[in-house]
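The next block holds one structure in the form of structure tokens; read it before the comments.
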Amino acid sequence: MISYRITKYDPKERDERGSYENKNEWTSISDIGRPQYGATSFEAYEKVERAYIEAIKLILISHEIDTVTVDSIEKWERKEQLEAFRSTNVFRNLHFNFETDIQPLGNGLEIRLGEIDQVVKLILREIVWMNLVGAKGNITFGYDYYMYVECAALQCSTITAIQKLGLFVEAGIGPRRIIVDGGPALE
């Protein structure tokens, strides 16, 4: 399997260590509308969010993957915990029911291709976090709107289609591993 980093970040704006240099780029839905991040509109945010979802679907379809499995889930356990976000962009144009869409999510749950849109929106909007894993590939979401895909080599046509969505595909780059004080490696 090959690791791919698929993001909205142009690799030309990285330093020699690979760190993204544009500090004015939004990295989370909570940055939307904030002046220090170019006062990006919610509509512009949704366009990028949609691109990530479409990229995942292109990859799954090209590798004939019908389902992925939830792994390492982190989620709000109570509906009241989410209420603090009610007045933010987090819920804008996102329709979900805590009891039927969040509570049932758990490790080992299979997500069908037709359900992927909603699940990825929940992840990108930081309502839940999880890996999506399968025998033919894995999808991991990092901080700051980073997405990593591990799968068999992507066809040139799939990479081109993802790039047409406005995203960048970088082969051979997986999630960063961080070692703190000689302790275990963190993703």
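Readers should treat all values here as calculations from the given coordinates under stated rules, not as data from a laboratory. Everything numeric here is computed off the predicted structure, so don't read it as measured data. No Cβ is skipped: glycine too gets one built from the backbone with ideal geometry, and neighbour counts run over all protein chains shown.
Worth a mention:
- Relative contact order for the chain, counting Cα pairs under 8 Å that sit 6 or more residues apart, in percent: 36
- The GNM of the chain, with springs linking C-alpha atoms under 10 angstrom apart, assigns the highest mean-square fluctuation among A55, A161, A44 to A44.
- When you restrict to C-alpha pairs under 8 Å that are six or more residues apart and normalise by the size of region 88-160, the relative contact order lands at 16 percent.
- Dipole size of region 2-186 about its Cα centre, with +1 on Lys/Arg Cβ and -1 on Asp/Glu Cβ: approximately 260 debye, rounded to the nearest 20.
- Relative contact order of region 1-100, taken over Cα pairs closer than 8 Å and 6 or more residues apart, is 19 percent.
- Inter-label distance, nm, simple model (7 Å from Cα along the C-beta direction), F168/E110: 3.7
- Only the Cβ atoms of Lys and Arg (+1) and of Asp and Glu (-1) were treated as charged; on that basis the dipole of region 1-46 about its Cα centre amounts to roughly 140 debye.
- Net charge of neighbours whose Cβ lies under 14 Å from the Cβ of V68, counting Lys and Arg as +1 and Asp and Glu as -1: -4
- With contributions of -39500 (n - 2.57) from each DSSP H run of at least four residues, the per-residue ellipticity at 222 nm computed over the chain stands at -7000 deg cm²/dmol.
- Environment charge of I127, counting only residues whose C-beta is closer than 10 Å and scoring Lys/Arg +1, Asp/Glu -1: +1
- Site pair M1 and F98 shows an inter-label distance of 3.4 nm when each label is modelled 7 Å from Cα along Cα→Cβ.
- Proxy reagent accessibility, fewest Cβ within 10 Å first, across Y143, Y20: Y143, Y20
- From most to least packed by mean Cβ count within 10 Å, the peptides 117-123, 45-51, 101-107 give 117-123, 45-51, 101-107.
- Qualifying GluC sites (Glu not before Pro) in region 65-124, where qualification requires a DSSP coil assignment and no more than 11 other C-beta atoms within 10 Å, comprise E77.
- Given the alternatives (i) 17.5; (ii) 18.3; (iii) 19.1, Kirkwood radius over Cα pairs in Å as computed for this entry is given by (i).
- Packing-based order for 56-67, 31-42, using average beta carbon neighbours within 10 Å, highest first: 56-67, 31-42
- Selection from A39, I2, I65, by position along the positive dipole direction of region 1-93 (Cβ): A39
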